[in-house]
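Colleague: So that we are looking at the same thing, I have put the structure below in structure tokens.
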Amino acid sequence: MTATTETARTPEPERGSAIADESVAQTARALHSPVVDWFTAHARDLPWRRPEAGAWGVMVSEFMLQQTPVNRVLPVYEQWLRRWPRPADLAAEPPGEAVRAWGRLGYPRRALRLHGAAAAIAERHGGDVPREHPQLLALPGVGEYTAAAVASFAYGQRHAVLDTNVRRVFARAVNGKQYPPNATTAAERKMARALLPEDESTAARWAAATMELGALVCTARTPACGQCPIVQQCAWQLAGAPEHVGPSRRTQTYAGTDRQVRGKLLAVLREAVGPVPQAALDRVWGDSVQRARALDGLVADGLVEPLPGGVYRLPLS
DNA sequence: TAACCGTGGGC
DNA sequence: TGCCCAAGGTT
């Protein structure tokens with residue numbers, strides 16, 4: 001059994017004065033070179049960072065990496081791109097095939113949305129992943145982060161890329177706090193924009209570098225400050241690395257939730273070759289009320305297709 | 001806005 | 001062991 005967590009943290013103090021802005025700009029200039037140089041030396045050789053990955057490879061990786069660790073994404077990513085090297089290849093297959101190939105990455109609605117994004121790309125964009133942030137944002141499953149990430153990593157554009165890693169790096173290095181706020185704030189977006197290097201290609205490199213720093217060094221639990229290229233300028237370190245004080249963290253249990261039941265139901269359908277009789281689904285969970293609710297939810301989400309006679313399968317459309 | 005949406009590994 | 005965490009998005 002496992003649990004997911006949510007964290008209640010105190011909001012950071014707001015500030016947006018001209019003096020503060022200039023201070024941020026000075027901070028930025030002092031951070032760019034060390035962070036980018038560190039990235040040059042220490043970046044992981046991940047398949048979606050290689051030139052041959054292309055924009056589609058970047059987009060696939062971004063979908064898979066939404067809340068799923070790199071190590072679990074790697075094998076599925078390789079299979080996925082081998083099978084569907086272009087968006088139109090994926091769009092040509094039923095959405096259920098995307099759900100099946102998603103395997104155990106979790107949050108299978110992402111598979112459905114990636115399939116939907118591929119279909120939209122094939123139909124509206126001539127089969128090429130769009131370059132513009134607004135067009136990316138309009139694709140299913142693409143939010144502010146993913147749109148900025150694809151535009152930056154795939155097309156070298158200048159965007160503030162604010163993921164959980166970057167938010168943590170900035171919270172510490174700039175704001176002197178152990179953790180960023182629970183939800184992304186306008187102040188964080190503003191700061192991220194202010195910290196962006198002017199030069200487009202440097203900005204894209206900075207985005208990748210700050211993410212990598214958060215993933216490898218400035219980690220959530222036990223940061224490796226001894227290996228940090230900006231430890232001497234880190235506001236959190238300079239403040240003595242104070243631990244978060246405030247509302248205690250709330251944890252949401254996973255065991256016994258509808259999510260767990262949905263996962264068990266979908267696992268049966270993923271591994272089945274053809275349609276699955278109701279009886280096979282009934283075996284995964286004892287509580288029939290909750291089981292029915294979970295199955296209804298999967299159908300409502302388009303992850304499962306009900307057939308006449310109490311038989312179910314992954315969706316063909 | 002807060003709740004919901006999977007799964008597995010580290011400590 | 002059980003909690004914490006992981007390149008978010010949608011409603």
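The values are calculated or read from the model by the stated rules, or taken from the named source; none is laboratory data. Quick caveat, the model's predicted, so the values are computed rather than measured. We place every Cβ from the backbone using ideal geometry, glycine too, and count neighbours over all the protein chains shown.
Colleague: In this structure, does residue A:92 turn out to be crowded, with 17+ Cβ neighbours inside 10 Å, more than 30 Å from residue A:190 (Cα to Cα) and small (Gly, Ala, Ser)?
Modeller: No, not satisfied.
Colleague: Where in the range A:237-317 are there strands (runs of 3 or more DSSP E), lying fully within it, with 2 or more residues that are without any contact (Cβ under 8 Å) to a residue 60 or more places away in the chain?
Modeller: A:305-307, A:311-313
Colleague: Failed condition for residue A:240, given (1) on the phi > 0 side of the Ramachandran plot; (2) in contact with a strand residue (DSSP E or B) (Cβ under 9 Å, 6 or more places away or on another chain), with all others met?
Modeller: So the condition that residue A:240 fails would be (2).
Colleague: Out of curiosity, is residue A:272 of a type outside the set (Lys, Arg), in the same structural domain as residue A:180 (by TED's automatic domain parsing) and at pLDDT 95 or above?
Modeller: In short, no.
Colleague: Ok, one more. Among what's in the range A:63-89 and is over 16 Å from residue A:49 (Cα atoms) and of a type in the set (S, T, N, Q), pick the residue that is farthest from DNA strand C (Cβ to nearest atom).
Modeller: Among residues in the range A:63-89 that are over 16 Å from residue A:49 (Cα atoms) and of a type in the set (S, T, N, Q), the one farthest from DNA strand C (Cβ to nearest atom) is A:79.
Colleague: Mind listing whichever residues of the range A:116-173 are closer than 30 Å to residue A:221 by Cβ and among the acidic types (Asp, Glu)?
Modeller: Residues satisfying the conditions are A:144, A:163.
Colleague: Only one residue in A:116, A:143 is without any contact (Cβ under 8 Å) to a residue 40 or more places away in the chain and either in contact with an Asp or Glu (Cβ under 9 Å, 6 or more places away or on another chain) or farther than 22 Å from residue A:316 by Cβ (or both), so which one is that? Lay out the reasoning, then the answer.
Modeller: Working: A:116 fails: either in contact with an Asp or Glu (Cβ under 9 Å, 6 or more places away or on another chain) or farther than 22 Å from residue A:316 by Cβ (or both).
After ruling out the rest, the residue left standing is A:143.
Colleague: Applying the selection to the range A:34-44, what residues are within 18 Å of residue A:156 (Cα to Cα) and either surrounded by fewer than 17 Cβ atoms within 10 Å (Cβ to Cβ) or outside the structural domain of residue A:208 (by TED's automatic domain parsing) (or both)? Explain how you work it out, then say what you get.
Modeller: Of the residues in the range A:34-44, the ones within 18 Å of residue A:156 (Cα to Cα) are A:35-37, A:39-40, A:43.
Scanning the range A:34-44 gives A:37, A:40, A:43.
Colleague: Name every residue in the range A:192-217 that is more than 15 Å from DNA strand B (Cβ to nearest atom) and part of a loop (DSSP other than H, G, I, E, B), in order of residue number.
Modeller: Scanning the range A:192-217 gives A:196, A:197, A:198, A:199.
Colleague: If you check residue A:307 against the conditions, is it under 24 Å from residue A:93 (Cβ atoms) and surrounded by 14 or more Cβ atoms within 10 Å (Cβ to Cβ)?
Modeller: Considered against the rule, which asks whether it is under 24 Å from residue A:93 (Cβ atoms) and surrounded by 14 or more Cβ atoms within 10 Å (Cβ to Cβ), residue A:307 comes out as no.
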